[in-house]
Amino acid sequence: LFQRENQSALYVHCLHGAGHGAMAIGLVKGLSQEQRSEFNSMSTCEKSRKMREVVVNPKMLDYALDICQHVSPKQFQYICEGGLFMQFWKSADANRSKKAMRAFEHSCTKVGPSATCFRFE
């Protein structure tokens with residue numbers, strides 16, 4: 001009984017975590033060729049530290065959104081995008097100037113899943 005009751009909550013947490021992973025994939029896919037060569041030569045620990053320093057750009061966000069937008073139904077997309085935007089804003093807070101942050105805040109109105117974007121802003 002315990003497992004059955006908590007199965008849906010576990011599923012939601014997994015989808016949310018997939019959104020965090022989608023943002024990480026978007027970050028890596030959005031690196032320039034030079035940055036990617038440097039990244040590929042690093043150890044796992046170095047990669048983890050480097051990912052915290054990457055400044056997120058719109059192309060990276062698009063790559064990540066594309067992953068979550070392949071999840072269905074829409075409710076599951078929202079959960080995935082929640083993890084994605086949580087990671088996005090966490091990265092943005094750590095790596096952006098106030099001027100750049102304002103530009104990205106306005107980007108919430110331009111993305112399809114704007115509700116999840118604003119939720120974690």
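The values are calculated or read from the model by the stated rules, or taken from the named source; none is laboratory data. Treat the numbers as computed from the prediction; the structure is a model and nothing was measured. Glycine also receives a Cβ, built like all others from the backbone with ideal geometry; neighbour counts cover every protein chain displayed. Ligands, DNA and RNA are stripped out before the accessible areas are found, and what is left, the full protein with its side chains, is counted by its heavy atoms. Shrake-Rupley method; radii C 1.70, N 1.55, O 1.52, S 1.80 Å.
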**Study point:** Residues located in segment 52-82, provided they are open to solvent by less than 70 Å² (accessible area, probe 1.4 Å), under 18 Å from residue 14 (Cα atoms) and not in a helix (DSSP H, G or I)
**Key:** 71, 73
Practice item. May I ask you to list the residues in segment 88-107 that are at pLDDT 70 or above and open to solvent by less than 70 Å² (accessible area, probe 1.4 Å)? Key: 88, 89
Revision key, fill the gap. Given the conditions (1) within 18 Å of residue 117 (Cβ to Cβ); (2) modelled with pLDDT of 75 or more; (3) part of a loop (DSSP other than H, G, I, E, B), every one holds for residue 85 apart from (3)
Check your understanding: Among the listed residues 49, 4, 36, which satisfies the condition of being open to solvent by 50 Å² or more (accessible area, probe 1.4 Å), part of a helix (DSSP H, G or I), of a type outside the set (A, V, I, L, M) and modelled with pLDDT of 80 or more?
Key -> 36
Check your understanding: Among the numbered criteria (1) under 10 Å from the mean Cα position of the chain (by Cα); (2) loosely packed, with under 10 Cβ neighbours inside 10 Å, which single criterion is violated by residue 23?
Key -> (2)
Review point. On the given criteria, is residue 28 surrounded by 12 or more Cβ atoms within 10 Å (Cβ to Cβ) and not in a helix (DSSP H, G or I)?
Key: no
